[in-house]
1. Go through the stretch 125-165 residue by residue and tally those that are out of contact with any Lys or Arg (no Cβ under 9 Å at 6 or more places or on another chain), among the β-branched types (Val, Ile, Thr) and either farther than 18 Å from His43 by Cβ or exposed (fewer than 15 other Cβ atoms within 10 Å of the Cβ) (or both).
2. Select from the stretch 61-80 the residues that are closer than 21 Å to Val139 by Cβ and either in contact with a helix residue (DSSP H, G or I) (Cβ under 8 Å, 6 or more places away or on another chain) or not hydroxyl-bearing (Ser, Thr, Tyr) (or both) and list them in ascending order.
3. So, Glu89, is that one of a type in the set (D, E, K, R) and either assigned to a strand (DSSP E or B) or within 17 Å of Val130 (Cα to Cα) (or both) or not?
4. For the stretch 37-69, which residues satisfy the criterion of being more than 23 Å from Gln185 (Cβ to Cβ) and under 13 Å from the mean Cα position of the chain (by Cα)?
5. For the stretch 37-60, how many residues meet the condition of being surrounded by fewer than 18 Cβ atoms within 10 Å (Cβ to Cβ), under 18 Å from Val139 (Cα atoms) and of a type in the set (A, V, I, L, M, F, W, C)?
6. I'd like the full set of residues that are assigned to a helix (DSSP H, G or I) and touching a Leu at 6+ places or on another chain (Cβ under 7 Å), limited to the stretch 163-189.
Amino acid sequence: MDKNLARHGMSPAEFLCWLGEQEHKYELVDGQPLMMAGATRRHRRISLSMTTFLDIQLQGKKCQAFNSDTMVKIPSANGNYRFPDLGVECGDFRDENSLEASEPVLVVEVFSETTEGTDRTRKVEEYKTVNTIQYILLVDPNIPEVLFYMRGDDMNWIFEVKIGLDAVVDMPQIGVTLPLRIVYQGPEF
């Protein structure tokens, strides 16, 4: 990386140019590129199950699922870019070459040992500042438990914990009901 960029930080535009030249995936956090860790099989299985289910549920609707190769721009002064594990976007899909979700409505983070603390705190607060995001899901890969944030009619956030394979996450704004049994199909506890 250019030493000046490392010392002084990257603008979002510099980051996007630089990112295209990298072999690994990075997020932009406070002007600094932060390399992302790989995922375990359990993590990938949960992400894949959820992405597939959402993709099927959204067929014929104005929204589509995306995977961890799509980034979400955080509208902070630092212009952070995050790569959630998966999500749903609505809106303009004309730029098929874009790396950025056009209008993210749902973002999902599946915990890993190295990211759980950041996912639970900083990332949630950053995602809450994206005005199109209506739902945030934090998934524990080791037990059937999902932390569910939903933007209420008054624009305040409602928080619920969904526990057990019989629990369901209802997301009426995108017309999806997500059973935890689907989220956790495959992994054994």
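1. Number of matching residues: 5.
2. Cys63, Gln64, Ala65, Phe66, Asn67, Ser68, Asp69, Met71, Val72, Ile74
3. On the way: of a type in the set (D, E, K, R): yes; either assigned to a strand (DSSP E or B) or within 17 Å of Val130 (Cα to Cα) (or both): yes.
Criteria met by Glu89.
4. none
5. Looking only at that region, the number is 4.
6. Hits for the stretch 163-189 are Ile174, Leu180, Arg181.
This table checks each residue for (1) in contact (Cβ under 8 Å) with a residue 24 or more places away in the chain; (2) assigned to a strand (DSSP E or B).
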site: Glu113; (1), (2): no, no
site: Tyr127; (1), (2): yes, no
site: Val130; (1), (2): yes, no
site: Ile158; (1), (2): no, yes
site: Val161; (1), (2): no, yes
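Here's the yes/no breakdown for (1) farther than 20 Å from Gln32 by Cα; (2) in contact with a helix residue (DSSP H, G or I) (Cβ under 9 Å, 6 or more places away or on another chain); (3) at pLDDT below 95:
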{"position": "Asp95", "(1), (2), (3)": "yes, no, yes"}
{"position": "Arg122", "(1), (2), (3)": "no, no, yes"}
{"position": "Lys128", "(1), (2), (3)": "yes, no, no"}
{"position": "Val139", "(1), (2), (3)": "yes, yes, no"}
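The values are calculated or read from the model by the stated rules, or taken from the named source; none is laboratory data. Just so it is clear, the structure is predicted and the values come from calculations on it, not from any experiment. Don't worry about glycine lacking a Cβ; one is built from the backbone with ideal geometry, like all the others, and counts go over all protein chains shown.
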